1. Taking Thr353 as the residue in question, decide whether it is modelled with pLDDT of 95 or more, under 20 Å from Ile216 (Cα atoms), of a type in the set (S, T, N, Q) and surrounded by fewer than 17 Cβ atoms within 10 Å (Cβ to Cβ).
2. What helices (runs of 4 or more DSSP H) lie completely within the range 285-380 and have 3 or more residues being within 26 Å of the chain's Cα centre (by Cα), aliphatic (A, V, I, L, M) and within 16 Å of the ligand (Cβ to nearest atom)?
3. Test Tyr182 against the stated conditions and say whether it is open to solvent by less than 30 Å² (accessible area, probe 1.4 Å) and assigned to a strand (DSSP E or B).
4. Can you confirm whether the range 85-92 contains a residue that is more than 14 Å from the ligand (Cβ to nearest atom) and under 20 Å from the mean Cα position of the chain (by Cα)?
5. Exactly one condition in (1) of a type outside the set (A, V, I, L, M); (2) in contact with a helix residue (DSSP H, G or I) (Cβ under 7 Å, 6 or more places away or on another chain); (3) outside any loop (DSSP other than H, G, I, E, B); (4) surrounded by fewer than 22 Cβ atoms within 10 Å (Cβ to Cβ) is false for Arg99; which is it?
6. For the range 366-392, how many residues meet the condition of being open to solvent by 60 Å² or more (accessible area, probe 1.4 Å) and of a type in the set (D, E, K, R)?
7. For a quick check of your reading: which strands (runs of 3 or more DSSP E) sit entirely within the range 1-59 and have at least 2 residues that are open to solvent by 50 Å² or more (accessible area, probe 1.4 Å)?
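The values are calculated or read from the model by the stated rules, or taken from the named source; none is laboratory data. What you see is a predicted model, and the numbers here were worked out from it, not measured in a lab. Glycine gets a Cβ as well: all are built from the backbone with ideal geometry, and neighbour counts include every protein chain shown. Calculation scope for accessible area: heavy atoms of the full protein, side chains included, ligands and nucleic acids excluded. Shrake-Rupley method; radii C 1.70, N 1.55, O 1.52, S 1.80 Å.
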Amino acid sequence: MTSSTTRTQVGIVGGGPAGLMLSHLLALDGIDSVVIESRTRAEIEQTVRAGILERGSVRLLVDSGVSDRVLREGHEHEGIDLRFAGSSHRIDFQDLVGRSVWLYPQTDVFTDLADARSRDGADIRFSWTATKVDGVETDRPTIEATAPDGSAHRIECDVVVGSDGSRSVCRQQIPEGRRTDYFREYPFAWFGILAEAPPSAPELIYAHSDRGFALISQRTATMQRMYFQCDPTEDPGQWSDDQIWSELQSRVTGPDGLELVEGRITDRSVLRFRSFVTEPLRHGRLLLAGDAAHTVPPTGAKGLNLALADVRVLAESLQRFLLKDDHEALDAYSEQALDRVWGAQHYSYWMTTMLHTLPGSTPFDHRRQIAELTTLVGSSAGSTLLADGYTGWA
Ligand code: PHB
């Protein structure tokens with residue numbers, strides 16, 4: 001039995017950063033939306049995510065009035081350190097492409113968006129589960145949802161957006177014969193930690209080593225985020241703090257004497273690597289955005305940036321469709337967003353395969369990777385290509 005029916009213009013399944021940003025951008029155009037999110041706000045806020053925002057993502061947050069906290073509390077990074085064969089090589093983004101990135105935890109982006117949406121009185125339903133999406137081939141699609149008290153509700157929409165993450169329920173609404181799924185799995189993962197320590201270096205270190213990849217990222221003056229390449233089946237509980245530190249140290253060691261500042265490890269997990277894209281991003285009145293449509297491996301931190309780029313294009317398309325009756329706008333979204341999605345797929349794959357050690361790789365493979373990295377840092381064309389992608393293209 002349905003307890004209530006709500007009518008809205010855009011029904012958004014998934015209230016992560018993509019869904020909330022879309023709801024916010026639509027509201028700025030006077031378009032009404034309802035967001036259904038199965039997790040609680042606290043659950044989303046407690047998930048550790050990547051920490052790098054491209055310039056375009058920062059601009060979107062600031063220009064749309066969501067947050068200037070990113071400018072106050074985030075840290076501008078004008079470059080990264082590519083480390084291989086025991087030496088560091090700075091890639092200077094400002095010199096090469098005149099842009100920076102911001103170190104600002106992606107969970108903070110979510111918090112800023114959730115605060116802004118609740119301040120504006122938006123209809124965001126945390127702990128609600130979308131059980132069914134129907135009628136996407138008609139002009140009146142619906143979402144069936146269950147409230148936290150178990151009651152059933154119905155949301156009638158002009159358009160449904162699936163921003164419900166990599167295990168998207170909405171994606172299943174696109175018949176298999178009408179979509180192409182592109183998928184790649186990698187034979188390695190990241191062992192990620194949070195540690196109570198000051199930063200070990202002024203900028204992020206991406207380290208290639210004969211023991212595999214490591215990334216030395218940052219969070220705050222007293223908390224750091226680091227990763228090292230591991231087997232996807234690794235059990236993080238089996239590692240002592242000492243073993244973790246010694247593995248990380250061994251991957252950055254070199255004649256320059258670089259040493260990581262150690263501290264208590266407060267969080268540890270293994271992150272799987274996947275590349276995935278589904279095409280097209282539209283079927284009838286259903287549109288996909290963010291992880292529901294694509295996944296990238298974490299090298300280069302493109303996931304959230306790509307999701308925000310999707311919704312910026314999507315908000316414009318929905319505005320043309322709903323306010324100007326432009327029926328081509330929805331197809332235009334898919335085509336336009338996919339250009340960037342594939343650019344980011346290539347970039348994340350490239351960074352990943354350039355820096356990680358494949359199981360079974362030979363001394364030739366290792367030496368060739370060093371040659372690739374040497375060519376890259378020795379060439380302004382190569383370094384510019386890396387900087388252009390890292391900072392999010394022009
Ligand atoms: C992070 O800080 O979690 C992070 C930073 C850069 C990456 C990936 C993850 O490329």
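1. Numbers: modelled with pLDDT of 95 or more: yes; under 20 Å from Ile216 (Cα atoms): yes; of a type in the set (S, T, N, Q): yes; surrounded by fewer than 17 Cβ atoms within 10 Å (Cβ to Cβ): yes.
Yes, satisfied.
2. 303-324, 329-355
3. So Tyr182 fails the test.
4. No, that holds for no residue.
5. Result: Arg99 passes all but (3).
6. Residues that pass the stated criteria total 2.
7. Once the strands (runs of 3 or more DSSP E) in the range 1-59 are filtered for at least 2 residues that are open to solvent by 50 Å² or more (accessible area, probe 1.4 Å), what remains is 2-7.
Every residue, every condition in (1) of a type in the set (S, T, N, Q); (2) touching a residue at least 24 places away in the same chain (Cβ under 8 Å), yes or no:
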site: Gln249; (1), (2): yes, no
site: Gly254; (1), (2): no, yes
site: Gly257; (1), (2): no, no
site: Glu262; (1), (2): no, yes
site: Arg268; (1), (2): no, yes
site: Phe273; (1), (2): no, yes
site: Phe276; (1), (2): no, yes
site: His294; (1), (2): no, yes
site: Leu318; (1), (2): no, yes
